[in-house]
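Encoded as C-alpha cells, the structure appears first; notes follow it.
The values are calculated or read from the model by the stated rules, or taken from the named source; none is laboratory data. Values in this document were obtained by computation on a predicted structure and should not be read as measured data. When we count neighbours, we look across all protein chains shown, and the Cβ atoms used for this are built from the backbone with ideal geometry, even at glycine.
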Amino acid sequence: MTRISIITVNYNDKAGLEKTLRSVTSQTLKDFEYVVIDGGSNDGSKELIESYADKIDYWVSEPDKGVYSAMNKGIKAATGEFVLFMNGGDLFYDTLVLENVQKMLVPEYDIFYGDNFKVKDNAKRKKTYPEQLSFSFFYTSSLNHQSTFIRRKLFFDHFLYKENYKIVADWDFFIYTICKQNVPYKYLNCTISEYDFTGISSSEKSRNTIAQEKEASMKMYFPLFVEDYKQVAELNSKRVQQVFHIKNFPVAWKLLKSTISVLLLFIPKMKK
C-alpha cells in the first residue's frame, strides 16, 4: 500500500500543536509516517512533542528560517511516497480520513486534493474544490496543503518551497507544477481537514505581500500573462461578479446598461 507521510510544523503554538497531535495520532490507519518539525519553541511545545515521541517517527526542535524552511525540512526528513502538511492547529475531519484516502492514491496521479472546513472564531465554513483545475482558478484561489496529498518526488523533480516567500510558496508550487508542468492531479470528493484560519492575517501588509509574491511567480513562469492576471483578478472581484449576476435578469440588465450609457456621456472615452 502507498505510504503517507504527515508533516506538522510548529513554532510556539503549544495549544494548536496539541490539537493536531491528538488528531493525527487518532487516525484509524496506523501505517503512516509522522514527522514533526518545531522551530525551537520555548512555550512547552518541545516537551509536548516528547510526550508523543512513541507515536512520532521523526521530530526535531531547533531554529529555522520560517514556515517554508520548516516545511522543506519536513519534506527532506520524510520517506513516504506522499506528503500532507497538517500544521499546528489543523485537524483531520474525522478519524477515517487516512484510511479512506490511502485507497485512492493510485499511481496515475501525483497530486490529490479534497475539501476542507475553514475554522475561525468558533465558526466553520466548508471550502469545496472543482474537479477540473484551471489557470483562472489559481488567479484567486489555491489548493490548501492541509487537504492536498503531494507525491514527495515532485519536490525533488522540480523544487522545494521557496523559503524567501512569506505566504504563497505553496501556491507558487501548485501553479508551477499543475499549470506549467501539467502534473496529473485528481479531486478527492471528500472532506480532508479542518483548517485553522486564525493564522492568516487580513492586514493590508499581508495582502500586499501576497500580491507581490504572486506577481513575482507570474513573471517567472508566465511573463506574457502578467497583465492578463491583473485583469482577471479584477473580473473576479465581488462588484464585477454582481454585474454578471444582474445580466441573468433581462429587465435589471437593461436598466443597468441604460445607466451606464448615461454615465459614459460625462466621462472620457475608454482607450481601446
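Side notes on the structure shown:
- Qualifying position, being surrounded by 15 or more Cβ atoms within 10 Å (Cβ to Cβ) and closer than 12 Å to THR8 by Cβ, among LEU84, LEU105: LEU84
- For the stretch 8-47, the tally of residues that are in contact with a Gly (Cβ under 7 Å, 6 or more places away or on another chain) and not hydrophobic (A, V, I, L, M, F, W, C) stands at 9.
- Taking the stretch 152-172 as the range and being under 25 Å from LEU98 (Cβ atoms) and in a loop (DSSP other than H, G, I, E, B) as the test, the residues that pass are ARG152, LEU160, TYR161.
- Residue within the stretch 162-183 that is among the aromatic types (Phe, Trp, Tyr) and more than 28 Å from PRO223 (Cβ to Cβ) present: no
- Residue within the stretch 47-67 that is buried (at least 20 other Cβ atoms within 10 Å of the Cβ), within 22 Å of the chain's Cα centre (by Cα) and among the aliphatic types (A, V, I, L, M) present: yes
- Boolean, LYS230 is modelled with pLDDT under 80, surrounded by fewer than 10 Cβ atoms within 10 Å (Cβ to Cβ) and more than 14 Å from ILE175 (Cβ to Cβ): no
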